[in-house]
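Structure, as structure tokens:
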Amino acid sequence: MPPNAPEPAEIASDLRYIVGQLARRTRERDIVTLPTRLAETLSFLDREGPMTTSELAERHSVRQQSMAAKLAELDAHGYLERQPHPTDRRKILIAISQDGRDRLNDDRRRRVSWLAEAITDRLSSREQRVLANTLPLLDRLIEA
């Protein structure tokens, strides 16, 4: 490590703080967004596909009753669909509905739009390239 280079623990602490602040600022800019606790579940269903309530609860490390309450709230907005399980008639799969996908995509577009505007307004072209070059590094950290 070069002299005066920051320690990994210092980098980690700063990175955790900055990423958290960025996530909060992004959410603050979008006052009509879904609450984070609901958006996470909807986003998960969008990425991973249909699953049972118990599978969702297990994947999110919450009790089945807690997940059922979240799903009831999403269902009340029309953001979910229920499908029969392909191999077990006793089970029901929960899937994101088209309305849910549309809402999720609207939220994503608003957040990306704000962030893209901030990048354009606050960073030079060179800084934008530096930022773009750090994205693969951050992605590798997520995989750790």
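The values are calculated or read from the model by the stated rules, or taken from the named source; none is laboratory data. Predicted, not measured: the structure shown is a model, and the values here were computed from it. As a convention, Cβ positions derive from the backbone with ideal geometry for all residues, glycine included, and neighbour counts pool all protein chains shown.
The table below lists the values:
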read-out: Set 144, 132: member being over 30 Å from residue 75 (Cβ atoms), of a type in the set (Gly, Ala, Ser) and surrounded by 10 or more Cβ atoms within 10 Å (Cβ to Cβ); value: 132
read-out: Of the criteria (1) in a helix (DSSP H, G or I); (2) on the phi > 0 side of the Ramachandran plot, which one residue 4 fails; value: (1)
read-out: When residues of region 53-63 are limited to those that are hydroxyl-bearing (Ser, Thr, Tyr) and surrounded by fewer than 16 Cβ atoms within 10 Å (Cβ to Cβ), the one nearest to the chain's Cα centre (by Cα); value: 61
read-out: Selection count where residues are of a type in the set (A, V, I, L, M, F, W, C), crowded, with 16+ Cβ neighbours inside 10 Å and under 15 Å from residue 49 (Cα atoms), scope region 64-94; value: 4
read-out: Total residues in region 110-129, condition under 25 Å from residue 46 (Cα atoms) and exposed (fewer than 11 other Cβ atoms within 10 Å of the Cβ); value: 1
read-out: Qualifying position, being in contact (Cβ under 8 Å) with a residue 60 or more places away in the chain and assigned to a helix (DSSP H, G or I), among 66, 54, 43; value: 43
read-out: Of residues in region 85-105 being in a helix (DSSP H, G or I) and not polar (S, T, N, Q), the one farthest from the chain's Cα centre (by Cα); value: 99
read-out: Qualifying position, being in contact (Cβ under 8 Å) with a residue 12 or more places away in the chain and either outside any helix (DSSP H, G or I) or under 23 Å from residue 16 (Cα atoms) (or both), among 129, 140, 108, 82; value: 82
read-out: Yes/no for residue 103 being surrounded by 15 or more Cβ atoms within 10 Å (Cβ to Cβ), of a type in the set (Lys, Arg) and touching a Phe, Trp or Tyr at 6+ places or on another chain (Cβ under 7 Å); value: yes
read-out: Qualifying residues in region 26-36 (those that are surrounded by 13 or more Cβ atoms within 10 Å (Cβ to Cβ) and out of contact with any Asp or Glu (no Cβ under 8 Å at 6 or more places or on another chain)) - the one modelled with the highest pLDDT; value: 26
